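Note sheet for the following structure.
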2 protein chains.
Amino acid sequence: MITIKEIADELGISTTTVNNVIHGKTKEVSKATIEKVEKMIAKYEYVPNMNARNLAQNRSKIIAVAMKARKDKYENAIKDSYVGELIGAIEKSVRTSEYFLMIYISDDIGEILKNVSTWNVDGLILLGMSGDDSVMIKKKFKKPMVFVDSYFCQDVMGYYNVGLEDAKGTYEATKYLLECGHRKIAFLADNCVGVDHERFIGYKRALQEYGIGCREEDFFVMMPAENEIEACLDELYHYSEQYTALCCASDYYAVMVMNYLSDRGKIIPDDISVVGFDDNASATIVRPALTTIHQDVTKKGEVAVEKLLKMVNGEELEEENMILPVKLVVRDSVKKMNQ
Amino acid sequence: MITIKEIADELGISTTTVNNVIHGKTKEVSKATIEKVEKMIAKYEYVPNMNARNLAQNRSKIIAVAMKARKDKYENAIKDSYVGELIGAIEKSVRTSEYFLMIYISDDIGEILKNVSTWNVDGLILLGMSGDDSVMIKKKFKKPMVFVDSYFCQDVMGYYNVGLEDAKGTYEATKYLLECGHRKIAFLADNCVGVDHERFIGYKRALQEYGIGCREEDFFVMMPAENEIEACLDELYHYSEQYTALCCASDYYAVMVMNYLSDRGKIIPDDISVVGFDDNASATIVRPALTTIHQDVTKKGEVAVEKLLKMVNGEELEEENMILPVKLVVRDSVKKMNQ
DNA sequence: CTGAAAGCGCTAACAA
DNA sequence: TTGTTAGCGCTTTCAG
């Protein structure tokens, strides 16, 4: 790999001049030298050394996406279809903006912060952070960052987040179930904080509007680890007679539950109806096709990168919390009881 | 962010000493100074500057995975479940080996090479490269690299690849169809080079063993672009009466085809049987569950990283082409004609 | 056991 | 229009 200095020496000119033509600051350089330099660059296929450039400029051209991943849930986080699509969209946006993407996945915030600062990244996108994580990160990392899918404590300011109408989504889904005549509806998720908590809220609100209470045992909490999930599904199967419908916090579980139950003889949606959340690929693959809440994951990634790069470029942002819309997509997994 | 120099100054010692304790070259440092330095490091949360370190050492601690992605097929490459799982496995392996992962996706080899050399990456994993791409890359990039799923021209040497028994997979799948009594079997893929060509070979070989010829029109080539796929599926539907079974080069298409056909009234597997390849999540989601060829994608990613890091650390490798096994997984998408 | 200093490749302020 | 030079933070050789 040839360096600026070598080009300069070979041409008998200064590094500044070479540097200037490399950066198109060509107003102050004679035509002749420009051509000479460009010929050299082409001939030797000059490529800048990012480490040197970054060191000199105290930046990095790197956008990092950091994800806090529960060990039991994400043995391979990117394999998850939601995470995969989101990171794919982020990757594409970052790349087309001439930045580079680095990925840190860990359940240890400290480790994530160390990596981020060792590379001096220009901006940070944070996935799966809790409220507590957020304040810690905000305190330690002083450069632009945007959270995705985070819910913060009320009073904190200066956080940028791109999220979803989570509560509205499950509210719509549950209301749809109610309108279809369902009254015994369980909720299903693998945790009850952050996004899933909001989704639970939406579910509850819809029930309340119909004057239906919600008992603690109507919330089925799934344990995603491979050696535990079976037991959870089995328990659900065991209690499934008590419900006519299931409101799931994600398509992932909706589809899993549908197949588990139908493989054990339950007819979906006649014996039990199911709604999901996310509208990912599996929602259209499964049969009956899944009625679910659609979100635009790709858009989410794009918006996150767009917001972040604006901040990286010194712009001040107005909205602090960008909420993307959701929409009910009716397919075939819900029975209309009242027809 | 505090620097080595600042620590040294504050302590009234030299940067060399500080550096030595940072790197555990502690034999030549007195207990007292070690403690002082470590206290400083903890207090100010010293984190090394990678750009500086890399510049000084002429390396980067970065492993890059570069993927050549057809524009029509991969609008968002990581969203694809095969790519997502593979990259996820690579990410995890890279991370646990204390390296950092950068991702470059492009259909322009030149651009990929430029990025790779601008960051001075220590090693490179290449996805989706054709034989031609490979020789070009090999010529330009002089550091350790391993290809995944590539097929090279016969005579080239010194390439490291981790691949699959592709031909064997479709051979087994097709043989299984034949054993079940199927004689009119179409093949379905979106290209006919590299991996998919091998898979086609396997299909043909099985047919030949049964004395069955294979006409050109039995190869259905799908066009993955959103605005073209419908027409391809429609054509397949149109000709589907002529076949009793479909051998698909990937689960992606197998599942798509199953749903397309069954939504149009075809009964699977009674009207038409389907086998896939990959055994990804959708194979177990779709109903009837897909009979397919299983591959261990995670293993593939792990092996690629493991091989690569060995080379990065100066080891010479023996095998140049690591072929991972495949295995037929029988589920419910194939009809037994002979029972 | 400790320190001085050169150098990695690039940038940018200043000089000419 | 072009050149000089002092860094950026870390490594490493060599000398004490």
Given H placed on each backbone N at 1.01 Å, which residues far from A:Ala289 in sequence or on other chains put an amide H within less than 5 Å of it?
-> A:Asp332
Once a ≥ b ≥ c are taken as the square roots of the eigenvalues of the Cα gyration tensor of the protein assembly as shown, is the result rounded (a/c under 1.5), prolate (a/b larger than b/c) or oblate (a/b not larger than b/c)?
-> oblate
Counting pairs of alpha carbon atoms under 8 Å apart in space and at least six apart in sequence, what relative contact order in percent does segment B:63-107 give?
-> 66 percent
Per residue of segment B:105-117, in order, report the coupling 6.51 cos²θ - 1.76 cosθ + 1.60 (Karplus, θ = phi - 60°) as ³J(HN,Hα) in whole Hz, putting x for Gly and Pro.
-> 10, 6, 9, 10, 4, x, 5, 4, 5, 5, 4, 4, 7
Let me have the relative contact order for chain B, percent, based on Cα pairs under 8 Å that are six or more residues apart.
-> 17 percent
Taking only Cα atoms and a 10 Å spring cutoff, compute GNM fluctuations for chain B and point out the largest among B:Asp166, B:Asp149, B:Asp132.
-> B:Asp132
Within chain A: Cβ-based charge dipole about Cα centre, in debye rounded to nearest 20 (Lys, Arg +1; Asp, Glu -1) = 1120 debye
Straight-distance crosslink candidates among aspartates and glutamates, where the alpha carbon sits under 17 Å from B:Lys300 and sequence neighbours closer than 8 are dropped = A:Glu75, B:Asp80, B:Glu85, B:Glu91, B:Asp149, B:Glu165, B:Asp166, B:Asp278, B:Asp279, B:Glu319, B:Glu320
Report, in whole Å, the centroid distance computed from the Cα atoms of segment B:199-272 and segment A:111-140.
-> 48 Å
Taking Cα atoms, how many degrees apart are the long axis of helix B:297-312 and the longest axis of chain B, rounded to 10 and kept between 0 and 90?
-> 40 degrees
Kindly identify segment B:166-295 as rounded, prolate or oblate by the Cα gyration tensor criterion: order the square roots of the eigenvalues as a ≥ b ≥ c, call it rounded if a/c is under 1.5, otherwise compare a/b with b/c, prolate if a/b is larger, else oblate.
-> rounded
Please work out the average accessible area per residue across the protein assembly as shown, using the 1.4 Å probe convention, and give it in Å².
-> 46 Å²
Check cross-link reach from A:Lys71 to the lysines: straight Cα distance under 16 Å, and skip same-chain residues fewer than eight apart.
-> A:Lys79, B:Lys92
Between beta-carbons, use under 15 Å as the cut-off and find the net charge around A:Lys36, counting Lys and Arg +1, Asp and Glu -1.
-> -2
Between helix B:226-239 and chain B: long-axis angle, C-alpha atoms, 0 to 90°, nearest 10 = 30 degrees
Take every Cα pair under 8 Å in segment B:166-295 that's 6+ residues apart, average their separations, divide by the length, and report that relative contact order as a whole percent.
-> 26 percent
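Would you work out the charge dipole size for segment B:166-295 about its Cα centre, treating the Cβ of every Lys and Arg as +1 and the Cβ of every Asp and Glu as -1, and quote it to the nearest 20 debye?
500 debye
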Residue by residue through segment B:135-144, which ³J(HN,Hα) values in whole Hz follow from phi under the Karplus form 6.51 cos²θ - 1.76 cosθ + 1.60 (θ = phi - 60°), with glycine and proline marked x?
-> 5, 4, 5, 4, 6, 8, 10, 9, 9, x
Integer Hz, Karplus 6.51/-1.76/1.60 couplings in order for segment B:188-204, x for Gly and Pro = 9, 7, 10, 6, 9, 10, x, 3, 5, 5, 4, 5, 5, 4, x, 4, 5
For B:Lys184, counting only lysines whose alpha-carbon sits under 17 Å away and dropping same-chain residues fewer than eight positions off, the answer is B:Lys175, B:Lys204, B:Lys266, B:Lys335, B:Lys336
Please identify, among B:Arg183, B:Arg53, B:Arg287, the residue showing maximal mean-square fluctuation in a Gaussian network model of chain B using a 10 angstrom Cα cutoff.
-> B:Arg53
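Between chains B and A, what is the buried accessible area in Å², counting both sides, with a 1.4 Å probe and ligands, DNA and RNA left out, to the nearest 100? Spell out each step's value before the answer.
Working: alone 17600 and 17610 Å², together 31190 Å².
Approximately 4000 Å² gets buried when B meets A.
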When chain B is treated as a Gaussian network with springs between alpha carbons less than 10 Å apart, the largest mean-square fluctuation among B:Met136, B:Met157, B:Met102 is found at B:Met157
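The values are calculated or read from the model by the stated rules, or taken from the named source; none is laboratory data. What you see is a predicted model, and the numbers here were worked out from it, not measured in a lab. Quick reminder, even Gly has a Cβ in these numbers, built from the backbone with ideal geometry, and neighbours come from all protein chains shown. When the accessible area is computed, the model is the full protein with side chains, heavy atoms only, and any ligands, DNA or RNA have been set aside. Shrake-Rupley method; radii C 1.70, N 1.55, O 1.52, S 1.80 Å.
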